[in-house]
Amino acid sequence: MRALKRIPILVGFCALTLCGFVAHAQSPYQSSADFAKYAQKLRENALLKMEPTVQVQTSSRATSLLGGRYPWKKDIVTTVFWIGEGTTARNPVPNRASSWDSNWLGNYGGVDRPDRRNGYVPAAFVPGQNPFYCALPYNDVTRGTTKPEASFVIPWFRQAFQKVGQSVCKSRWLAIRHGNRVCYAQWEDCGPFRTDHWQYVFGKEARPKPNINGGAGLDVSPAVRDFLGMNATKDVCDWKFVDFSEVPSGPWAKYGENNTFVLNARRGTERVASGKR
C-alpha cells in the first residue's frame, strides 16, 4: 500500500466534492446547473447498475501493468455509435449525454446521424465538437470525484491533473487503425458497457470483457467509420493512445470547441504535426 502516499491530499477534497454533489442532487431543479448535475448522476447510476463494482488495489503492481508507452491494442472488436443515438439492445444507455458532458447532444449541435453525412460531418449542421470521437470502457471520475486508482494507472495523470472530479481522459487523442488506414479521434465517452476496465484500457495484455456486442472494446463515431472504410455497425480495429504532437493534420483537425487543433489555432499556437504513426 506504499503507493497510496502519492495522493493523500486528495482524500479530503474527494469527500468535500462528493458531499456537495449529493446535496445538489437532492434538489436537482433549483437551477440549470443543478439540473445538469442531476442528469449526469442519472447516467452514472445507469452505467453502474450494468456492471459489478470492482475493488482495485492501488499498489505498485498497477503501475507495472502499463509497460511501454502507448502500445497498440490489436484486433479489437469495434462498434459504431453516435451522439444522439437512442436506446437499443446494443446501446442500453442513450447518447444524449456522455460520461463527461450532460449536454453532449446540445454541445455537438444535433444528432450525428450515421446515414446522413456530408463527407465526414453531419449533413444537417456544422458540428460544435470534433466529429472524430470514440469511447473506451473506463471513466476516471465517478459521483463527482476522481477514482482512487486513476493516478496510478493513467500514464499522463500527473501532467494533466487539474482538480478532483475533472477528467484527465476526456478529449485524449487516439490512433485507430483498420487495414492500411489510420484515423485519429478524441476520447469523449465511456463504453461499450463498462466504465471500470482500466486493466484493458491502460494495460498491455488485458483484453475487453465479454459483452453482447461480441466482446467490443472500442466505440467509434460515423466519421471514424467512414474514414477507415469500416463495416456499417461493427468491425475489427487496432488502437493506441497518442500524444497530440504525434497527430498529423487531417479531417479530424477541422471542427470542434473541444478540438486541440482548433483551440491552438485560435490562440495562435498552431503547429505543424510530425506525422508520426
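The values are calculated or read from the model by the stated rules, or taken from the named source; none is laboratory data. Bear in mind that the values here come from a model prediction, so they are computed numbers and not experimental data. We place every Cβ from the backbone using ideal geometry, glycine too, and count neighbours over all the protein chains shown.
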Requested in this report: For the range 207-216, indicate whether the set of residues that are crowded, with 20+ Cβ neighbours inside 10 Å, under 26 Å from THR142 (Cβ atoms) and in contact with a helix residue (DSSP H, G or I) (Cβ under 8 Å, 6 or more places away or on another chain) is non-empty.
Outcome: yes
Requested in this report: State the number of residues belonging to the range 181-210 that are touching a Phe, Trp or Tyr at 6+ places or on another chain (Cβ under 8 Å), hydrophobic (A, V, I, L, M, F, W, C) and either in a strand (DSSP E or B) or under 28 Å from VAL262 (Cα atoms) (or both).
Outcome: 6
Report summary line: Counting only helices (runs of 4 or more DSSP H) wholly inside the range 99-180, the ones holding at least 1 residues that are within 16 Å of ASN259 (Cβ to Cβ) and not aromatic (Phe, Trp, Tyr) are 104-108
Query raised in the report: Within the group ASN213, ASN231, which residue is closer than 16 Å to ILE176 by Cβ, part of a loop (DSSP other than H, G, I, E, B) and polar (S, T, N, Q)?
Result: ASN231
Query raised in the report: Somewhere in the range 176-189, is a residue buried (at least 23 other Cβ atoms within 10 Å of the Cβ), touching a residue at least 60 places away in the same chain (Cβ under 8 Å), touching a strand residue (DSSP E or B) at 6+ places or on another chain (Cβ under 7 Å) and among the acidic types (Asp, Glu)?
Result: yes
Query raised in the report: If you check GLY86, GLY106, GLY119, which single one turns out to be loosely packed, with under 15 Cβ neighbours inside 10 Å and touching a residue at least 12 places away in the same chain (Cβ under 8 Å)?
Result: GLY119
Report task. Test ASP226 against the criterion of being under 16 Å from the mean Cα position of the chain (by Cα), modelled with pLDDT of 95 or more and not hydrophobic (A, V, I, L, M, F, W, C), and give yes or no. Result -> no
Query raised in the report: If you go through the range 189-203 one residue at a time, do you hit one that is among the aliphatic types (A, V, I, L, M) and within 22 Å of PRO92 (Cβ to Cβ)?
Result: yes
Query raised in the report: From the set of residues in the range 234-251 that are among the aliphatic types (A, V, I, L, M) and more than 17 Å from the chain's Cα centre (by Cα), which is farthest from PRO155 (Cα to Cα)?
Result: VAL236
